[in-house]
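Working notes, beginning with the structure itself.
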């Protein structure tokens, strides 16, 4: 069975969590800046959403700071994130980054073209523009058999 770990059941101090995160980010931000965001789990999720993208998002530090600043307090993101956490992390409700104007239609990775949708909604929206998707959502019953 091996030895029992000394850290089992113990939690790392919150300050150490922020220092650890700052040390492992590819962006040049301080642990003090990160600690300005009270929910470190949400911060870690937002970081993984933008960095685990197979190289699709090549952000500068300034763009990363704007990204966190925009979405951390945004109502739409927080509504989706809270619903996902409250659902015990249901995979269909997981927040994902969506391009308002899809890349297949000439959209880009600029911050003003990004939004968070649930995983299900993002996959359903596919390569529709936001206007097309809003129309489908208004008439969704027509598409369900």
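The values are calculated or read from the model by the stated rules, or taken from the named source; none is laboratory data. Given the structure is predicted, the values throughout are model-derived calculations rather than measurements. Cβ coordinates were reconstructed from backbone atoms using ideal geometry, including for glycine residues, and neighbour counts include every protein chain displayed.
With (1) surrounded by 11 or more Cβ atoms within 10 Å (Cβ to Cβ); (2) assigned by TED's automatic domain parsing to the domain that holds residue 129 as the list, and residue 112 as the residue in question, which single condition is left unmet?
Every condition holds for residue 112 apart from (1).
Condition first: under 18 Å from the mean Cα position of the chain (by Cα), under 30 Å from residue 28 (Cα atoms), part of a helix (DSSP H, G or I) and not assigned by TED's automatic domain parsing to the domain that holds residue 22. Can you find one or more residues in the stretch 123-132 that meet it?
The answer is no, given that none of the residues of the stretch 123-132 is under 18 Å from the mean Cα position of the chain (by Cα), under 30 Å from residue 28 (Cα atoms), part of a helix (DSSP H, G or I) and not assigned by TED's automatic domain parsing to the domain that holds residue 22.
Scan the stretch 103-119 for residues that are farther than 15 Å from residue 76 by Cα and either touching a strand residue (DSSP E or B) at 6+ places or on another chain (Cβ under 6 Å) or at pLDDT 95 or above (or both) and jot them down.
The one that is farther than 15 Å from residue 76 by Cα and either touching a strand residue (DSSP E or B) at 6+ places or on another chain (Cβ under 6 Å) or at pLDDT 95 or above (or both): 107.
With (1) part of a loop (DSSP other than H, G, I, E, B); (2) under 30 Å from residue 128 (Cβ atoms); (3) touching a residue at least 12 places away in the same chain (Cβ under 8 Å) as the list, and residue 108 as the residue in question, which single condition is left unmet?
Only one criterion is unmet by residue 108, namely (3).
One line per residue, one yes/no per condition, for (1) within 27 Å of residue 127 (Cβ to Cβ); (2) modelled with pLDDT of 95 or more; (3) touching a strand residue (DSSP E or B) at 6+ places or on another chain (Cβ under 7 Å):
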residue	(1), (2), (3)
42	no, yes, no
51	yes, no, no
54	yes, no, no
59	yes, no, no
65	no, yes, no
75	yes, yes, no
80	yes, yes, yes
84	yes, yes, yes
93	yes, yes, yes
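Mind checking which pairs have a first residue in the stretch 116-143 that is loosely packed, with under 15 Cβ neighbours inside 10 Å and a second that is assigned to a helix (DSSP H, G or I), Cβ under 6 Å, 6 or more apart or different chains?
120/92; 127/104
Can you tell me which residues in the stretch 3-25 are within 21 Å of the chain's Cα centre (by Cα) and loosely packed, with under 10 Cβ neighbours inside 10 Å?
Across the stretch 3-25, the qualifying residues are 23, 24.
I need a count of the residues in the stretch 23-52 that are in contact with a helix residue (DSSP H, G or I) (Cβ under 7 Å, 6 or more places away or on another chain) and either in the same structural domain as residue 94 (by TED's automatic domain parsing) or over 25 Å from residue 94 (Cβ atoms) (or both).
4
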